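**Q** First, the structure itself, so that you have it in front of you.
The values are calculated or read from the model by the stated rules, or taken from the named source; none is laboratory data. Remember, it's a predicted structure, so these values are computed and weren't measured experimentally. Using ideal geometry, Cβ is built from the backbone for each residue, glycine included, and neighbour counts are taken over all protein chains shown.
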Amino acid sequence: MPMSLAQLTVATASVLLQSAVMFLMLRRNLRSAYPLFYSFLSVNTIAVILGVAVYHFAIAQYFFVYWTMSAVLMLLGFSVLYEVFVNLLKPYSALIDLGKMLFVWAALFLLFAGFLTALVTSGPQANKLKVAIDLCDRCVHLMTCGSMLLLILFEKRLNFSWRNSGMCIALGLGMSSAFDLMVSYGQSRFPALDAELALFNGVIFLGVLAFWALRLMGTNLVPATSANSPSRLILQRWNEALIGYRYGDLALAPSHIESFLPGVEQTVDRVLARKMVQ
């Protein structure tokens, strides 16, 4: 079945808007601050163009192209989460090192969960890969939604502003992930509306791209960091406690023989003790 005019229109608008966002990032010198997000937009643009071309001229290969690009975009989306996290927590190196370790373990968990899912799924090899990628993709979307929720809850406490570039990227990704999860649920419950729901999801993503473009054209584009927060002493205590625990660059060293959970307990005790003294 050929693509409808509405689907082609959404795909074309997506390519144009993503190109506009990338142009604005270059113009505002934001590519160096968010290279992974720039790569995410670039790969997504290529995926849309390639998907439309393959659908029209090599429909037999569309399944493999679609799920391959989905896997690549899932990995990039996960990387963008870490990139935003690093930009928000500058200059607390120990907290960033802790976050890096947590992100690495989360990535390993996703790969392990995807492998087990593919292993227990019946059917041809292509179906196994599809189910595994879909599971990992939904997990990344859930993590993105969780990150957005945390930023919303701590936005005032840490003096984050939605007008800043990092918060702008996080909010857009969170909204897109939330709607994508809702659409995926709707498609599983109402298979007859699969095309309509996919089109709706594309329109939502256009709205997210328009939001990014409008925000990047604003004047307040300095990346949001917790260093300017009136509550930065909280993060400083955590950072100093982690450094005191030698958690910085030595966190993943072979000589680090203490287990992780006791270390976390010690860190929490130190933070609470300092807070009581102050």
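**Q** So Gln18 ticks every box in (1) modelled with pLDDT of 90 or more; (2) surrounded by fewer than 18 Cβ atoms within 10 Å (Cβ to Cβ); (3) not aliphatic (A, V, I, L, M) but one. Which box is left unticked?
**A** If we test Gln18 against (1) modelled with pLDDT of 90 or more; (2) surrounded by fewer than 18 Cβ atoms within 10 Å (Cβ to Cβ); (3) not aliphatic (A, V, I, L, M), just (2) comes out false.
**Q** Here is a follow-up. Go through (1) part of a helix (DSSP H, G or I); (2) surrounded by fewer than 16 Cβ atoms within 10 Å (Cβ to Cβ); (3) basic (Lys, Arg) one by one and return the number of the condition Lys130 breaks.
**A** (2)
**Q** Okay, moving on. Where the second residue is of a type outside the set (A, V, I, L, M, F, W, C) and surrounded by 16 or more Cβ atoms within 10 Å (Cβ to Cβ) and the first is within 15 Å of Ser39 (Cα to Cα) and lies in segment 3-23, which pairs have Cβ atoms under 7 Å and are six or more apart or on separate chains?
**A** Val15/Thr45; Gln18/Asn44; Gln18/Thr45; Ser19/Thr45; Met22/Tyr38
**Q** Here's a follow-up. Which condition does Ser177 not pass, out of (1) modelled with pLDDT of 85 or more; (2) surrounded by fewer than 15 Cβ atoms within 10 Å (Cβ to Cβ), if it passes all the others?
**A** With respect to (1) modelled with pLDDT of 85 or more; (2) surrounded by fewer than 15 Cβ atoms within 10 Å (Cβ to Cβ), Ser177 is out only on (2).
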